[in-house]
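J.: After the structure tokens below, expect a handful of questions from me.
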Amino acid sequence: MSHRLLTSIGIAVVSLSAAAGQAAKPAPEAPKKVAAKATPAGKKTAAHRTPWGDPDLQGVWNDATSTPLQRPTGVGAKDVLTDEEAADFQQSLAFDLTRDRRDGGPELDVNRAYNDHWMDKRRLKITADRRTSLIVDPPDGRIPPRVPLPPDRDKIRAEREAANTRFNAGLPQHYTDFSLPVRCIIRTDSPPYLPTIYNNDFHIFQSPGFVVINPEMIHSARIIPLDGRPHLGKDLHQWLGDSRGHWDGNTLVVETTNFRTDPGVVFQGANPDTYKITERFSRVDASTLNYEFTINDPKTWAKPWTAVIPWNKIDPDEQMYEYACHEDNYDIVHFLSGARDRERRGEAK
């Protein structure tokens, strides 16, 4: 569901781990039970096949869930919950994520200006297997500790934080103070694919020797060759990286490197020179696909880590529309002129 009426301002990928550790609260229409446990990742099922014999992953899939990327502290060491615990967990997460609340004061109310009418309601449900985190390795369900940053990368991190602060204060100095998502360059179309507030659909196409993933959010089509060709030269960088795929039984394995070095391109400010993501797409049944990714960057995290997200096939009558993200490419001039006007009027601190 593309929302052309929405501007890009204030739109950011919602961190589903933001609900971590918050106390359970009543939520509107919270379910009492969750669905039966899904087929575990890696369990073999009868493969759907394309006319040329490859495993068939085609269709439009949705990855929305309220299960956070990292395990909240409030569930302790539990990786899978009982039915009763899962209902309480889902209730708490749904309350934290709902946009129809009116508590917290005017600033929070403004931040929730895009109410639940615009949101993907499927994001309010936890995964069917009742896991407490999307991360499955390390076993604690948490992203591993970061390694100390060298001075050059620490400087880049500090500069990006300062730019975000200026933008949030309405005082950007330059168009590069705007993040890449606000500038409609990349958003959730860059791997890893994580659930967000809306536009959680992915359309997978296949042809002999290629797989194409078209995310609903923004305008990219990720073309993945399967013919064994080598990666691009190490000095060639792309916004979505350079992907190469192969079949491991019925699982599509995709390895991606060669991301651009601009701040904000790779996940959580990892080092583009050493960042590598390996994704695995496995068909579970007619309506479910498991998406697994492993991130390996020894210059950012102490060890690799892995997450698994179920993708559910959407109703055939539901159509995926174009997401024409361009508003702020036109509106940047207004933001910058407004910032200069505030400075002239002495509002800058």
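The values are calculated or read from the model by the stated rules, or taken from the named source; none is laboratory data. These numbers were taken from a predicted model, which means no experiment stands behind them. Heads up, the Cβs are rebuilt from the backbone with ideal geometry, glycines too, and the neighbour counts pull from every protein chain shown. Just the protein is used for accessible areas: all its heavy atoms, side chains included, with ligands, DNA and RNA removed. Shrake-Rupley method; radii C 1.70, N 1.55, O 1.52, S 1.80 Å.
J.: Collect the residues in the stretch 317-349 that are within 25 Å of S66 (Cβ to Cβ) and surrounded by fewer than 16 Cβ atoms within 10 Å (Cβ to Cβ), keeping them in residue-number order.
T.: Once the filter is applied, which keeps residues that are within 25 Å of S66 (Cβ to Cβ) and surrounded by fewer than 16 Cβ atoms within 10 Å (Cβ to Cβ), the stretch 317-349 yields D317, E318, Q319, Y321.
J.: Please state which one of D103, D109 is modelled with pLDDT of 85 or more and either open to solvent by 20 Å² or more (accessible area, probe 1.4 Å) or on the phi < 0 side of the Ramachandran plot (or both).
T.: Working: D109 fails: modelled with pLDDT of 85 or more.
Checking each option against the conditions leaves just D103.
J.: Also, I was wondering about something else. As an exercise: evaluate D331 against (1) in contact (Cβ under 8 Å) with a residue 60 or more places away in the chain; (2) among the acidic types (D, E); (3) in a strand (DSSP E or B) and give the number of the one condition it does not meet.
T.: Evaluating D331 over (1) in contact (Cβ under 8 Å) with a residue 60 or more places away in the chain; (2) among the acidic types (D, E); (3) in a strand (DSSP E or B) leaves (3) as the failure.
J.: I'd like to check something: does the stretch 271-282 contain any residue that is of a type in the set (D, E, K, R) and in contact with a Lys or Arg (Cβ under 6 Å, 6 or more places away or on another chain)? I'd like the intermediate steps shown before the answer.
T.: Step one: filter the stretch 271-282 for residues of a type in the set (D, E, K, R), giving 273, 276, 279-280.
Imposing the further condition that a residue be in contact with a Lys or Arg (Cβ under 6 Å, 6 or more places away or on another chain) reduces the set to none.
Within the stretch 271-282 (the criterion being of a type in the set (D, E, K, R) and in contact with a Lys or Arg (Cβ under 6 Å, 6 or more places away or on another chain)), the answer is no, since none of the residues qualifies.
J.: Out of everything in the stretch 114-141 that is of a type in the set (K, R) and not in a strand (DSSP E or B), what residue ends up being surrounded by the fewest Cβ atoms within 10 Å (Cβ to Cβ)? Please lay out each step first, then the result.
T.: Let us first name the residues in the stretch 114-141 that are of a type in the set (K, R), namely 121-123, 125, 130-131.
So of that shortlist, the ones also not in a strand (DSSP E or B) come out as 121-123, 125, 130.
Details: K121: 13, R122: 16, R123: 24, K125: 18, R130: 23.
Checked the stretch 114-141; the qualifying residue surrounded by the fewest Cβ atoms within 10 Å (Cβ to Cβ) is K121.
J.: State whether the residues of the stretch 230-252 include one that is touching a Phe, Trp or Tyr at 6+ places or on another chain (Cβ under 6 Å), charged (D, E, K, R) and open to solvent by 50 Å² or more (accessible area, probe 1.4 Å).
T.: no
J.: What number of residues in the stretch 76-94 are crowded, with 20+ Cβ neighbours inside 10 Å and either under 21 Å from H203 (Cα atoms) or among the hydrophobic types (A, V, I, L, M, F, W, C) (or both)?
T.: 4
J.: Taking the stretch 299-328 as the region of interest, how many residues are in a loop (DSSP other than H, G, I, E, B), of a type outside the set (A, V, I, L, M, F, W, C) and closer than 22 Å to F178 by Cβ? Give the steps one after another, and end with the answer.
T.: First pass over the stretch 299-328, keeping only residues in a loop (DSSP other than H, G, I, E, B): 299-300, 302-304, 314-326.
Pick out the ones that are also of a type outside the set (A, V, I, L, M, F, W, C) and you get 299-300, 303-304, 315-319, 321-323, 326.
Retained after the next criterion (residues that are closer than 22 Å to F178 by Cβ): 323, 326.
Residues that pass the stated criteria total 2.
J.: What's the number of the only condition in (1) modelled with pLDDT of 95 or more; (2) closer than 23 Å to L149 by Cα; (3) open to solvent by 70 Å² or more (accessible area, probe 1.4 Å) that D227 fails to meet?
T.: So the condition that D227 fails would be (2).
J.: For the stretch 263-293, what are the residues that are under 17 Å from the mean Cα position of the chain (by Cα), closer than 22 Å to P316 by Cβ and surrounded by fewer than 21 Cβ atoms within 10 Å (Cβ to Cβ)?
T.: If the condition is that a residue be under 17 Å from the mean Cα position of the chain (by Cα), closer than 22 Å to P316 by Cβ and surrounded by fewer than 21 Cβ atoms within 10 Å (Cβ to Cβ), then N290 is the only one that fits.
J.: Please give the number of the condition L134 fails out of (1) hydrophobic (A, V, I, L, M, F, W, C); (2) out of contact with any Pro (no Cβ under 6 Å at 6 or more places or on another chain); (3) at pLDDT below 95.
T.: (3)
J.: I'm trying to understand the selection: among the residues of the stretch 176-219, which are of a type in the set (D, E, K, R) and open to solvent by less than 30 Å² (accessible area, probe 1.4 Å)? Break it down into steps so the answer makes sense when it comes.
T.: Restricting attention to the stretch 176-219, the residues satisfying the condition of being of a type in the set (D, E, K, R) are 177, 183, 187, 189, 201, 216.
Once the filter is applied, which keeps residues that are of a type in the set (D, E, K, R) and open to solvent by less than 30 Å² (accessible area, probe 1.4 Å), the stretch 176-219 yields D177, R187, D189, D201, E216.
J.: Let me ask something else about it. Of the conditions (1) surrounded by 18 or more Cβ atoms within 10 Å (Cβ to Cβ); (2) under 27 Å from I332 (Cβ atoms); (3) within 23 Å of the chain's Cα centre (by Cα), R157 clears all except one; give me its number.
T.: R157 satisfies all of (1) surrounded by 18 or more Cβ atoms within 10 Å (Cβ to Cβ); (2) under 27 Å from I332 (Cβ atoms); (3) within 23 Å of the chain's Cα centre (by Cα) except (1).
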